[in-house]
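**Student:** My structure is below; once you've seen it, I'll send some questions.
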Amino acid sequence: MLTAKDIILKPIDSKTANTLVKKLHYSGKVVNNSQFHIGAFIGGSLEGVMQFGPSLDKRKIQGLVSGTGWNEFIELNRLAFSDKLPRNSESRAIALAMRILKKHAPQLKWIISFADATQCGDGTIYRASGFVLTGIKKNNQIWIAPDAAGSTFSRKSLTDSTATKERNRARQIVSKVTTTKLEDIVISGSSMKTYESAGFKPLAGFQLRYIYFLDKTCEKDLTVERLPYARIKELGASMYLGKKCL
C-alpha cells in the first residue's frame, strides 16, 4: 500500500501544470504569472501540482519581512492534489518542495501563501507544514453571481480592465438576469455598482495569510504580528468549504 513517503516530486511544464490545476483546484483557475511548476507523482502517476510565482502586489508583500530583496521571496500560487493521493500527502509534498526551492533557488528567503476559507479551508495544510500565521481578515474579495451555477469571481477580476475574459463572462450574466442588453452594459472603473445592482453579492468568509521561512534567521525580521494558530478559532475564522468548523 502506497503512503505519502512514496510521493516523488518533479518539475513539470506549465501546460501540464495548468491543465491539472483547472481540473483539481476549487477555483478552476490558474495564476498566469506562475514560474515554477512542481508535480507530485505516486506510482508513476501525476496526482498533484504546486505552482510558485511572484505576488501580484510584490511591493506590498515585500515589506512583511524587513530587509527582503526584490527576488528573495515568492508566492505559492496554487496547490492542487487529487483524492488518489494517500493521507498526509500535502504536507509531505510541501516539505519536499521547500527543499527543492532551497537547492535550486537559493536566493529565496521565504514563501507566502493565502488560505481562502471562503471557498476552501483555513490553512490546515500550511499549519501542519510549519508555516507562520501572519494575518486573518474578513474576505470581501470573492463575489457570487446570481446565475443558476452560482459562479464566483474575485473582486479584482470584475474591476480590472485588463481582466477581459472574466469581465465579459460577468457581463453576460448581468445581461441574463437584468433587462439590459449585453452591448449596453457599462463597467465604470473600479465600481461594483453594476454588479451589485444585478444581484452579485460578496461571499462571507475569511482570508488567512501564511509565511514559510526558508531562511529561519529572517523570522526575527517579520514586521507584522506572528499570530497563534488558536486565534483562528477565536475570531470565528475556522472554516472548511465556506462553512464554519465547530
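**Student:** Looking only at segment 71-94, which residues are closer than 10 Å to ALA4 by Cβ and not charged (D, E, K, R)? Don't jump to the end; show me each part of the working.
**Tutor:** At the first step, the residues of segment 71-94 found to be closer than 10 Å to ALA4 by Cβ are 85-93.
The answer is LEU85, PRO86, ASN88, SER89, SER91, ALA93.
**Student:** Among the residues of segment 28-68, how many are of a type in the set (A, V, I, L, M), closer than 24 Å to PRO86 by Cβ and buried (at least 18 other Cβ atoms within 10 Å of the Cβ)? Before the answer, list the steps.
**Tutor:** Start the filter on segment 28-68 by keeping residues that are of a type in the set (A, V, I, L, M), which leaves 30-31, 38, 40, 42, 46, 49-50, 56, 61, 64-65.
Still in the running and closer than 24 Å to PRO86 by Cβ: 38, 40, 42, 46, 49-50.
Imposing the further condition that a residue be buried (at least 18 other Cβ atoms within 10 Å of the Cβ) reduces the set to 38, 40, 42, 49-50.
Residues in segment 28-68 being of a type in the set (A, V, I, L, M), closer than 24 Å to PRO86 by Cβ and buried (at least 18 other Cβ atoms within 10 Å of the Cβ): 5 in total.
**Student:** Among the residues of segment 3-16, which ones are in a strand (DSSP E or B) and among the aliphatic types (A, V, I, L, M)? Before the answer, list the steps.
**Tutor:** First, the residues of segment 3-16 that are in a strand (DSSP E or B): 8-11.
Of everything in segment 3-16, those that are in a strand (DSSP E or B) and among the aliphatic types (A, V, I, L, M) turn out to be ILE8, LEU9.
**Student:** Would you pick out the residues in segment 52-91 that are part of a helix (DSSP H, G or I) and modelled with pLDDT under 95? Don't jump to the end; show me each part of the working.
**Tutor:** Looking only at segment 52-91, we keep the residues that are part of a helix (DSSP H, G or I), and these are 58-62, 89-91.
The answer is LYS58, ARG59, LYS60, SER89, GLU90, SER91.
**Student:** Oh, and also: Do we have ARG226 as touching a Ser or Thr at 6+ places or on another chain (Cβ under 9 Å) and without any contact (Cβ under 8 Å) to a residue 40 or more places away in the chain here? Write out each step before concluding.
**Tutor:** On the way: touching a Ser or Thr at 6+ places or on another chain (Cβ under 9 Å): yes; without any contact (Cβ under 8 Å) to a residue 40 or more places away in the chain: no.
Considered against the rule, which asks whether it is touching a Ser or Thr at 6+ places or on another chain (Cβ under 9 Å) and without any contact (Cβ under 8 Å) to a residue 40 or more places away in the chain, ARG226 comes out as no.
**Student:** Among residues belonging to segment 182-212 that are hydroxyl-bearing (Ser, Thr, Tyr) and surrounded by 11 or more Cβ atoms within 10 Å (Cβ to Cβ), point out the one that is modelled with the lowest pLDDT. Give the derivation first.
**Tutor:** Residues of segment 182-212 hydroxyl-bearing (Ser, Thr, Tyr): 188, 190-191, 194-195, 197, 210, 212.
Then drop every residue that is not surrounded by 11 or more Cβ atoms within 10 Å (Cβ to Cβ), which leaves 190-191, 194-195, 197, 210, 212.
Working: SER190: 75, SER191: 83, THR194: 89, TYR195: 92, SER197: 90, TYR210: 98, TYR212: 98.
Among them, the one singled out is SER190.
**Student:** Can you find a residue in segment 17-26 that is on the phi > 0 side of the Ramachandran plot and outside any strand (DSSP E or B)?
**Tutor:** no
**Student:** Here's something else I'd like to know. Among the residues of segment 69-78, is any surrounded by fewer than 16 Cβ atoms within 10 Å (Cβ to Cβ) and within 18 Å of the chain's Cα centre (by Cα)?
**Tutor:** So in segment 69-78, the residues surrounded by fewer than 16 Cβ atoms within 10 Å (Cβ to Cβ) come out as 69-71.
Among the residues that remain, those that are also within 18 Å of the chain's Cα centre (by Cα) are: none.
No - not one qualifying residue is present in segment 69-78.
**Student:** Quick one: which residue in SER89, SER129 is within 21 Å of THR217 (Cβ to Cβ) and either crowded, with 22+ Cβ neighbours inside 10 Å or not acidic (Asp, Glu) (or both)? It would help to see each step written out before you state the result.
**Tutor:** Values: SER89 fails: within 21 Å of THR217 (Cβ to Cβ).
After ruling out the rest, the residue left standing is SER129.
**Student:** Can I ask one more? Is there a residue being among the hydrophobic types (A, V, I, L, M, F, W, C) and in contact with a Cys (Cβ under 6 Å, 6 or more places away or on another chain) anywhere in segment 40-63?
**Tutor:** Step one: filter segment 40-63 for residues among the hydrophobic types (A, V, I, L, M, F, W, C), giving 40-42, 46, 49-50, 52, 56, 61.
With the extra rule that they be in contact with a Cys (Cβ under 6 Å, 6 or more places away or on another chain), the set shrinks to none.
No - not one qualifying residue is present in segment 40-63.
**Student:** If LYS165 satisfies every condition in (1) exposed (fewer than 12 other Cβ atoms within 10 Å of the Cβ); (2) in a helix (DSSP H, G or I); (3) touching a Ser or Thr at 6+ places or on another chain (Cβ under 6 Å) but one, which is the exception?
**Tutor:** Failed condition: (3).
**Student:** Which of (1) more than 17 Å from ALA40 (Cβ to Cβ); (2) in the same structural domain as PHE213 (by TED's automatic domain parsing); (3) touching a residue at least 12 places away in the same chain (Cβ under 8 Å) is the odd one out, the single condition MET98 does not satisfy?
**Tutor:** (1)
**Student:** Here's another thing I want to ask about it. For LEU108, are the conditions met, namely being at negative phi, surrounded by 15 or more Cβ atoms within 10 Å (Cβ to Cβ), under 16 Å from the mean Cα position of the chain (by Cα) and modelled with pLDDT of 95 or more? Spell out the reasoning first.
**Tutor:** Numbers: at negative phi: yes; surrounded by 15 or more Cβ atoms within 10 Å (Cβ to Cβ): yes; under 16 Å from the mean Cα position of the chain (by Cα): no; modelled with pLDDT of 95 or more: yes.
Taking the combined requirement at face value, the residue does not satisfy it.
**Student:** So, in segment 136-153, how many residues would count as being surrounded by 16 or more Cβ atoms within 10 Å (Cβ to Cβ) and either part of a strand (DSSP E or B) or under 17 Å from the mean Cα position of the chain (by Cα) (or both)?
**Tutor:** 8
The values are calculated or read from the model by the stated rules, or taken from the named source; none is laboratory data. Model, not experiment: these values are computed from the prediction. Note that we place each Cβ from the backbone using ideal geometry, even for glycine, and neighbour counts take in every protein chain shown.
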